[in-house]
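Colleague: The structure that follows is given in the form of structure tokens.
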Amino acid sequence: MSAEQSKSVGSAISIKGVVKEFTRGGQTLRVLNSLDLEVPEGSFEALMGPSGSGKSTLLNLIAGLDKPTSGEITVAGARLDRMSDAEITSWRAANVGIVFQSYNLLPVLTALENVELPLLLHKMTSAERKKRAQIALEIVGLSDRMGHYPRMLSGGQEQRVAIARAIVNDPKVIIGDEPTGDLDRNSADEILKLFEQLNRELGKTIIMVTHDPEAAERATVIRRLNKGVLA
Amino acid sequence: MNLPGLAVRNIYRNPVRLALTVAGVAVALLTFVTLRTAVMSWDEAKNYTLKDRLVTRHKITFVMDLPKNYADDVRDLKGADGKPLIRASTFLNWFGGKDPAHENDFFATIAADHNTFLTVYDEIKIPDDQLKAFNETRNGAVVGDLLATKFNWKVGDNITLESPIYGLRENGEPWTFKIVGLYSTTSKAVDRQTFYFRWDYMNDGVRAEAKDRVGWIASRSVDAAHAAEVTAAIDKRFDDADTQTLTQDEASFFQGFMGMVSSVLAIMSYLSYIILAILGLILANAISMSVRERTNEYASMKAIGFHAKTLASLILTESTLIALAGAIPGVILSYLIVDVALGDFLEYNLANFFPVFRVKIWTYAEAVAAATVIGLFAGIVPALTVARLNVVENLRRVA
Ligand SMILES: Nc1ncnc2c1ncn2[C@@H]1O[C@H](COP(=O)(O)OP(=O)(O)OP(=O)(O)O)[C@@H](O)[C@H]1O
Ligand SMILES: [Mg+2]
């Protein structure tokens, strides 16, 4: 086993020399410029940087929602840059939970059903699905809102449902792109407390983009992205 | 909760759109079923015509009549082997009668030779005692049971009719008839609203130059399989006479008539498919509007880990279910309007054209199957759009 490989064993996320370019109307924009990143398992990291610096782009690559122009990306042991779209989709269902700034819940489903949704991708009985979704909602403190539809919930509650949905599959890695961006201070604090708890008690690796220095303080590591590289 | 369940919830999301789409599908299917049934029923009418019943008329036109003795000549026609070709024969005249009390209601009035009429038209049934009265009453008439019901006529009623063709009787008196019987029929193709009366009574009353003339001769050939040869033999019999004839068997006559309307049928058939195309557009429009509104939901489902194929089938399920949701009321509506209401009306009033105007089970099946398949196709474009959806770009737009 080479030194390099053994190093990535303890890494939830390992990024080497990743370049990401967007081409629009003949113009090529290099957003990530030979970026390297190692996120150890069980760490809680905040990613900061000016608007347009490529934070979302980096998260999308980690989540396998997008592919790098070049470079290696290993997340939860999988080499994403070598996998097909379909493979990545299946992988994502089992290994990554994503929380967006806009909560993206399905309005026709109750809180409980929204949380059950990712479990439809796995073989299990409906009773088991329901039980796991209930546990996830308990973790985020919403056991009393299971039958509520998203329109009946506050923004903070919606985001907590989204977090329950992100963790219900028990993924190793949780990714948040400005998860508190739309929330007031109190709701934001609750979400951040939840992240801390998921990190500490359940050992989830969390990487979260934020513009809010207070939010970033909750993380164990703060990284800054500027001009396509991490400072 | 499961994926089909999610599709169903999405369907109910916009009740107004759903109601309009379902109504659109239902009305389109009703139109489809009506057109198909008309085409099939018309097509089927020929099954009720008889190959061995021959109608002989003036060669030039229906309006001109024939000498009465032609009827005897037809009846007595023999083949080359000396055997009779005709087993029954009768003669009739179109009277064109009208009841002044029912000025706007059309019904056929036909003078028929009472001695032979029922031997040729054996689908017409008259009770024995009424038939006896018909034979004994010179101005007797037998009318269709439906016509009697419609005009509230009873056996024993005296009816006066006007005829634009024959005017008044020779002696200046009106044409007065006594209803002595009502006929029913064993064949769906026989009109139940005809007024038949005795040919001899008509012949008594017409002016001298119109006496002993018949409108057409109806006969039955001994051998239905050789009807074509018999019709030729009849016309050949009068080849050298002053008045030539044209004889056709009932089935050919009907087909000749159908030839004229066949282009109408072709258009109706074509229209029924146009309707299905419209149905497809209604569905495609509804489903793509709905899917477009939910683009970011599909994007986030992809982000969760749902495959393109799964989302595409979710959309196809939805569009097929909407089509089916319209097909069910469409079939019920078709049954009530086409089968029950229209069917009864046409079978009573236009029995010669639509002896059986009923929706076939097959047509319902065709309608439901067409709606299902079209529903599936209507979902294809939105399904492909969602399958190809770029998650990153769509979620960027929301955030
Ligand atoms: N799909 C795309 N096509 C073209 N350009 C893109 C695309 N996605 C991102 N970019 C560009 O890449 C750069 C980085 O975008 P990104 O969304 O990663 O920034 P960000 O750091 O998340 O910004 P913000 O803090 O405002 O969310 C921007 O200049 C953006 O215009
Ligand atoms: Mg961003």
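The values are calculated or read from the model by the stated rules, or taken from the named source; none is laboratory data. Predicted model, so just to flag it, every value in this text is computed and none were measured. Neighbour counts run over all protein chains shown; Cβ positions are idealised from the backbone, glycine included. Note: accessible area is taken over every heavy atom of the protein model, side chains too, but ligands, DNA and RNA are not part of it. Shrake-Rupley method; radii C 1.70, N 1.55, O 1.52, S 1.80 Å.
Colleague: Ignoring any ligand, DNA or RNA, what whole percent of the accessible area of the protein assembly as shown comes from carbon and sulfur when the probe is 1.4 angstrom?
Modeller: Values: 16120 of 28850 Å².
Roughly 56 percent, rounded to a whole number.
Colleague: Between the DSSP loop rule and a limit of at most 15 other Cβ atoms within 10 Å, which trypsin sites (Lys or Arg not before Pro) in region B:117-217 are left? Let's see the in-between values first.
Modeller: Details: sites: B:125, B:132, B:138, B:150, B:154, B:169, B:178, B:188, B:192, B:198, B:207, B:211, B:213; in loops: B:138, B:154, B:169, B:188, B:192, B:207, B:211.
Loop-located and lightly packed - B:138, B:154, B:207, B:211.
Colleague: Go through A:153, A:44, B:64 and say which Cα lies farthest out towards the positive end of the charge dipole of the protein assembly as shown; charges sit on Cβ, +1 for Lys and Arg, -1 for Asp and Glu.
Modeller: Checked the options; the winner is A:44.
Colleague: Oh, and also: Residue A:34: accessible area at probe 1.4 Å, nearest 10 Å²?
Modeller: 60
Colleague: I would also like to ask the following. Nearest 100 Å² is fine: what is the total accessible surface buried where chains A and B meet, probe 1.4 Å?
Modeller: Numbers: alone 11210 and 19830 Å², together 28850 Å².
Buried: approximately 2200 Å² between B and A.
Colleague: Suppose we compare each residue of region B:293-318 in its chain alone and in the full protein complex with a 1.4 Å probe; which ones drop by at least 40 Å² of accessible area?
Modeller: Correct list: B:297, B:300, B:303, B:304, B:305, B:306, B:307.
Colleague: Something else about it: Run the 1.4 Å probe and let me know the accessible area of residue B:51, rounded to the nearest 10 Å².
Modeller: 110
Colleague: Ok, one more. Using a Förster distance of 51 angstrom, determine the FRET efficiency expected from the C-beta separation of residue B:239 and residue B:262, and round it to 0.05. Intermediate results must be reported in sequence, preceding the final value.
Modeller: Details: r = 31 Å, r/R0 = 0.61.
So the FRET efficiency works out to roughly 0.95.
Colleague: To the nearest 20 Debye, how big is the dipole of the protein assembly as shown about its Cα centre, given +1 on the beta carbon of each Lys and Arg and -1 on that of each Asp and Glu? Can you show the working numbers first?
Modeller: Details: 68 positive and 72 negative charges, 472 e Å.
For the protein assembly as shown, the charge dipole is close to 2260 debye.
Colleague: Just give the residues from region A:109-133 buried by at least 40 square angstrom of accessible area in the all-chains context relative to the isolated chain, probe 1.4 Å, and say none if nothing qualifies.
Modeller: Buried by 40 Å² or more upon assembly, which counts only protein chains, are A:113, A:117, A:120, A:121.
Colleague: For the pairs B:59/B:236; A:16/A:172; A:67/A:227; B:98/B:178; B:46/B:236; B:132/B:154, flag any whose C-alpha to C-alpha distance is greater than 22 Å.
Modeller: Details: B:59/B:236 12 Å; A:16/A:172 20 Å; A:67/A:227 19 Å; B:98/B:178 15 Å; B:46/B:236 27 Å; B:132/B:154 17 Å.
Result: B:46/B:236 exceed 22 Å.
Colleague: Additional query: Please compute the per residue accessible area over region B:65-242 with all protein chains in place, 1.4 Å probe, rounded to a whole number of Å². Walk me through the numbers on the way to the answer.
Modeller: Working: 8420 Å² over 178 residues.
Per-residue accessible area for region B:65-242 comes out at 47 Å².
Colleague: What number does chain B give for Rg over Rh if you use C-alpha atoms and the Kirkwood radius? The partial results should precede the final answer.
Modeller: Values: Rg = 31.2 Å, Rh = 25.6 Å.
Answer for chain B: 1.22.
Colleague: In the neighborhood of residue B:225, defined by Cβ-to-Cβ distances under 12 Å, what is the net charge if each Lys or Arg adds +1 and each Asp or Glu adds -1?
Modeller: Numbers: positive: B:51; negative: B:52, B:223, B:229, B:249.
Combined, the nearby Lys, Arg, Asp and Glu give -3.
Colleague: While we're on this one: Relative to the compact globular guide of 2.2 N^0.38 Å, what is the alpha carbon radius of gyration of the protein assembly as shown, as a ratio? If you can, show how the numbers build up before the last one.
Modeller: Details: Rg = 42.4 Å, N = 630, 2.2 N^0.38 = 25.5 Å.
So the protein assembly as shown has a normalised radius of gyration of 1.66.
Colleague: Given a cut-off of 28 Å, what percent of all Cα-Cα pairs of region A:3-230 lie beyond it? Don't skip to the end; give the middle numbers.
Modeller: Numbers: 7669 of 25878 pairs.
Value for region A:3-230 (Cα pairs over 28 Å): 30 percent.
Colleague: Which residues in region B:1-19 place their backbone N less than 17 Å from a point set 7 Å from the Cα of residue A:127 along the Cα-to-Cβ direction?
Modeller: Taking a point 7 Å out along Cα→Cβ of residue A:127, the residues of region B:1-19 whose backbone N falls under 17 Å are B:1.
Colleague: Near residue B:192, within a Cβ-to-Cβ distance under 15 Å, what is the net charge of the other residues, with Lys and Arg +1 and Asp and Glu -1? Show your work: numbers first, answer last.
Modeller: Working: positive: B:125, B:150, B:188; negative: B:105, B:123, B:145, B:191, B:344, B:347.
Local charge sum for residue B:192: -3.
Colleague: Let me ask you something else. When the C-alpha atoms of region B:132-251 are aligned to their principal axes, what extent does each axis show, in angstrom, from largest down?
Modeller: So the three principal-axis extents are 45, 38, 26 Å.
Colleague: Would you please name the trypsin sites (Lys or Arg not before Pro) within region A:74-141 that are DSSP coil residues with at most 10 other C-beta atoms within 10 Å of their C-beta? Show your work: numbers first, answer last.
Modeller: On the way: sites: A:79, A:82, A:92, A:123, A:129, A:130, A:131, A:132; in loops: A:123.
Here the trypsin sites (Lys or Arg not before Pro) that fit, given the DSSP loop and packing criteria, are A:123.
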